[in-house]
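Participant: Have a look at this one before I ask anything.
Read-outs: derived from the displayed coordinates by stated rules, not from any lab. In this text, all values refer to a predicted model and were calculated from it rather than measured experimentally. Heads up, the Cβs are rebuilt from the backbone with ideal geometry, glycines too, and the neighbour counts pull from every protein chain shown.
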Amino acid sequence: MITNLASGQRVFTSNTFLVEGERTVVVDAGNEFDVVTQIRQHVSDIDALVLTHTHRDHVGNLDAITDAFGVDVWGFDPEFEGVDYAIADDEWVQLGDAEYRALHTPGHKDDHLCFYAPDAGVLFAGDLVFANGGFGRTDLAEGDRSVLIESVDRLLDTVDSDLAAMHTGHGPSVTTNPYHDIELAAHAARMG
């Protein structure tokens with residue numbers, strides 16, 4: 001079961017997903033809301049915090065989660081303060097009950113990861129792509145439009161066209177033909 005803990009929050013935050021199962025994890029910590037209370041409304045404990053990337057809106061609640069649950073934080077770059085362990089490109093990680101392939105997808109930020117579970121047909125896209133063909137900003141530090149386009153193309157080459165669900169860093173999750181939204185993002189990024 002995947003729940004967006006940030007749903008309905010009216011603050012500067014990313015989406016924050018609770019992925020329940022054999023290895024219950026939170027994907028992205030979010031920012032400026034009581035994420036610990038939100039987690040405890042669903043589960044008594046979690047096994048890890050996994051980051052798509054380390055922009056402030058995705059890690060602002062990192063300390064609150066680690067203090068409350070005593071969990072390790074996993075992300076692409078353990079040089080970033082608060083990230084305990086690295087997830088390498090093409091490494092497989094368990095989120096909930098599914099195995100996800102980590103895809104290093106820079107362009108929005110150098111340490112950006114997407115997580116794709118081919119068997120479950122689920123993608124955590126972070127801030128690489130969004131619903132309706134949106135894509136991550138490239139005007140921030142470490143942003144690079146041409147690199148982002150390469151990352152979106154890699155995503156298209158990796159995920160199956162019958163992808164069932166795409167959970168994004170901002171906005172709604174996509175459960176109706178999310179592959180098409182990735183195609184739209186690839187086109188829109190080239191046009192911008």
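Participant: For region 81-182, what does the alpha-carbon gyration tensor say about shape, rounded, prolate or oblate, given a ≥ b ≥ c as the root eigenvalues, a/c under 1.5 as rounded, and a/b over b/c as prolate? Write out the running numbers ahead of the final one.
Facilitator: Values: a/c = 1.67, a/b = 1.10, b/c = 1.52.
Since a/c reaches 1.5 but b/c is at least a/b, the shape of region 81-182 is classed as oblate.
Participant: In the neighborhood of residue 133, defined by Cβ-to-Cβ distances under 13 Å, what is the net charge if each Lys or Arg adds +1 and each Asp or Glu adds -1?
Facilitator: Combined, the nearby Lys, Arg, Asp and Glu give -1.
Participant: Rounded to the nearest 5, what is the percent of antiparallel bridges among the DSSP beta bridges in the chain?
Facilitator: 60
Participant: Given points 7 Å out from each Cα along the Cα-Cβ axis, report the residue 170 to residue 110 separation in nanometres with one decimal.
Facilitator: 2.3
Participant: Taking other Cβ within 10 Å of each residue's Cβ, how do 168, 3 sort, fewest first?
Facilitator: Lowest to highest Cβ neighbour count: 3, 168.
Participant: Provide 24, 105 in ascending order of the number of other Cβ atoms located within 10 Å of each residue's Cβ, fewest first.
Facilitator: 24, 105
Participant: Turning to a different aspect of this structure: Give me the dipole magnitude in Debye, nearest 20, for the chain about the Cα centre, with unit charges on the beta carbon: positive for Lys and Arg, negative for Asp and Glu.
Facilitator: 700
Participant: What area, in nm² and to one decimal, does the C-alpha convex hull of the chain cast on average over all directions?
Facilitator: 9.6
Participant: May I pose another question? Which residue, 71, 11, 159, tops the fluctuation ranking in a GNM of the chain built on C-alpha contacts under 10 Å?
Facilitator: 11
Participant: Compute the length gained on full extension between residue 161 and residue 45: take 0.36 nm times their separation in residues and subtract their Cα-Cα distance, giving the result in nm to one decimal.
Facilitator: 38.3 nm
Participant: So how much slack lies between residue 85 and residue 180, counting 0.36 nm per residue of separation and subtracting their Cα-Cα distance, in nm?
Facilitator: Going from the current span to full extension adds 30.9 nm.
Participant: Residue 95's amide H: which non-local residues (gap 5+, or another chain) put their own amide H closer than 5 Å, with H modeled 1.01 Å from N in plane and none for Pro or chain starts?
Facilitator: Residues meeting the criterion, in which the H sits 1.01 Å from N, are 100.
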